[in-house]
Amino acid sequence: MCGGGSDNVNPKRVVVVYDYGSINGGAAQVAIASALGLQRAGFDVDYFCAVGPAAPMLAGSGVRFHCLGNPDLLSDPQRLAAAARGLWNRAAAQALRALLETCDPSSTVVHVHGWTKGLSASIFPVIEDLRMPCVTTLHEFFTACPNGGFFDYQRNQICTRRAMGVDCITTHCDVRSYPQKLWRVARQGVAQVAGRMPSGIREVIFISELTREVLAPYFHATTRWHAVRNPLQVDKAPRASAEANGKFLFVGRLSPEKGADLFAAAAAAAGVQARFVGDGPVRARIAERWPGVELTGWLQPSQVLAEIRASRALVFPSFWYEGQPLVVQEALANGVPVIVADKTAAREVIRDGHNGLWFRHAEEASLVAVLRRMADDATVAALSRNAHADYWAHPPTLQAHVEGLVEVYAKVLARRGD
């Protein structure tokens with residue numbers, strides 16, 4: 001879908017493409033932050049989305065905002081219209097074509113961050129037909145897996161079935177219902193055939209080695225893979241004295257796939273205090289089964305930071321692969337060790353025994369043993385010092401992120417026409 005040459009060419013204009021115009025998750029946060037960072041770096045930036053409103057920080061930034069004004073697929077009361085739009089959003093294709101026809105392909109790069117929740121795969125043939133240099137960031141696994149996670153939500157376990165194979169299609173793995181799964185299969189089929197993806201995607205940015213490992217078999221052999229870390233805006237502060245803290249912290253959605261129950265059970269068995277920041281479907285169950293845990297609900301970012309700095313360790317017990325969880329890096333930036341499941345992408349920034357500890361995926365006994373290891377103050381202090389020093393030796397700042405993007409864009413532009 002994106003072409004080539006041999007020498008790098010400097011980009012001048014970037015069209016950032018994502019489903020949402022406001023921050024409602026990690027991918028949106030990265031898409032909007034990168035658009036702002038690129039604008040400040042002197043690039044001509046457009047932001048194209050299906051669902052508004054615009055994030056407040058985009059106002060007056062110089063980034064041109066283009067929004068279809070579509071309702072969110074899940075909240076649209078016109079369910080049939082929403083289902084059809086999710087399969088193929090013809091208006092998105094037409095609007096993106098009109099925008100890209102004003103761009104010079106020799107100095108413009110289209111950067112797609114997501115398409116499954118509003119834009120649909122209709123955008124990809126437009127980009128290819130106009131021969132626009134393009135790169136796609138793989139924030140999750142929707143380019144191959146119908147439910148976007150290679151995760152069986154009914155069994156609460158990682159799925160190893162071949163995506164879109166017979167076994168995949170006939171298995172109810174969706175978080176909601178099997179009819180919803182079949183709709184997702186239909187969307188994936190439309191994306192593969194009419195949307196020419198992922199076979200037509202030739203330039204991708206991956207945010208973790210695990211993402212690349214899982215998705216590479218579904219892409220064309222000539223696909224070029226670029227590693228660019230997601231940015232994290234965090235102010236440098238003195239190391240938190242994690243060894244002086246007593247509580248172990250969970251931050252995120254309280255849902256089965258995030259391992260919230262596992263952490264609560266392990267904390268009780270290990271005799272340590274568990275504190276949960278977040279909300280979700282298992283909150284009531286956790287409160288009932290483990291009355292000693294502390295549940296704060298969702299908090300403001302400044303409050304979450306205070307919770308992190310007041311904890312002995314952040315526990316990240318997710319049952320599924322994840323992408324590049326930012327809360328893990330925020331903990332490291334503050335010198336708070338992190339305990340991670342060994343099958344999540346978070347393991348890539350945690351060196352076992354150096355800045356945190358690993359435990360065996362989904363195994364309560366293993367997590368109990370790791371929590372008990374953290375009873376030693378000297379161990380926690382060493383992990384804390386390493387976490388803080390390592391993070392700030394090479395912090396994933398927005399500037400570093402933009403520099404990485406510009407390097408990728410130059411390569412993509414140079415190969416235009418391959």
Requested in this report: Taking all protein chains together and a probe of 1.4 Å, list Leu68, Leu383 from the most accessible to the least accessible.
Outcome: Leu68, Leu383
Report summary line: For Asp235, Asp129, Asp279, Asp76, the accessible-area ranking with a 1.4 Å probe, largest leading, is Asp235, Asp129, Asp279, Asp76
**Report entry** Lys, Arg +1 and Asp, Glu -1 on Cβ, resulting dipole of segment 1-122 about Cα centre, debye, nearest 20
**Finding:** 180
**Report entry** Angle in degrees between helix 364-373 and the longest Cα principal axis of the chain, rounded to the nearest 10
**Finding:** 60
Query - Between 0 and 90°, nearest 10: helix 178-193 axis offset from the chain longest Cα axis - result: 40
Report summary line: Which of Ser122, Ser34, Ser177 fluctuates most in a GNM of the chain (C-alpha springs under 10 Å)? That residue is Ser177
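Contour minus end-to-end for Trp392 and Ser366, with contour as 0.36 nm per residue of separation and end-to-end as the Cα-Cα distance? Show your work: numbers first, answer last.
Details: separation 26, 0.36 × 26 = 9.36 nm, distance 2.99 nm.
Stretched fully, the Trp392-Ser366 segment lengthens by 6.4 nm.
Using the Cα centre as the reference, give the magnitude of the dipole from point charges on the C-beta atoms of segment 310-412 (Lys, Arg: +1; Asp, Glu: -1; all else neutral), rounded to the nearest 20 debye. The partial results should precede the final answer.
Details: 9 positive and 12 negative charges, 28 e Å.
About 140 debye.
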Report summary line: FRET efficiency for Asp352 and Gln233 from the Cβ-Cβ distance with R0 = 25 Å, rounded to 0.05, comes out at 0.35
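Quickly estimate the mean residue ellipticity at 222 nm for the chain, helices only: each DSSP H run with n ≥ 4 gives -39500 (n - 2.57), and the total goes over all residues, rounded to 500. Before the final figure, lay out each step's value.
Working: 14 runs with 148 residues, N = 418.
Result for the chain: -10500 deg cm²/dmol, rounded to the nearest 500.
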Report summary line: Placing +1 on each Lys and Arg Cβ and -1 on each Asp and Glu Cβ in segment 1-114, then taking the dipole about the Cα centre, the residue among Ala27, Leu87, Val15 whose Cα reaches farthest towards the positive end is Leu87
**Report entry** Accessible surface, the chain, averaged per residue in Å² (probe 1.4 Å)
**Finding:** 40
Report summary line: Measuring from its Cα centre, segment 116-165 shows a charge dipole (+1 at each Lys and Arg Cβ, -1 at each Asp and Glu Cβ) which, in debye to the nearest 20, is 180
Report summary line: For the chain, the charge dipole (Cβ of Lys, Arg +1; Cβ of Asp, Glu -1; about the Cα centre) points to a positive end, and the Cα of Val406, Pro56, Ala331 closest to that extreme belongs to Pro56
Report task. Working with all protein chains in place, sort Ile127, Ile158 by solvent-accessible area computed with a 1.4 Å probe, largest first. Result -> Ile158, Ile127
Query raised in the report: Where the accessible area of segment 193-294 is counted over protein heavy atoms with a 1.4 Å probe, how much of it, in %, is carbon and sulfur?
Result: 49
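The values are calculated or read from the model by the stated rules, or taken from the named source; none is laboratory data. Given the structure is predicted, the values throughout are model-derived calculations rather than measurements. Positions of Cβ are backbone-derived with ideal geometry, glycine not excepted, and every protein chain shown enters the neighbour counts. Areas reflect the complete protein model, heavy atoms only, side chains present, ligands, DNA and RNA absent. Shrake-Rupley method; radii C 1.70, N 1.55, O 1.52, S 1.80 Å.
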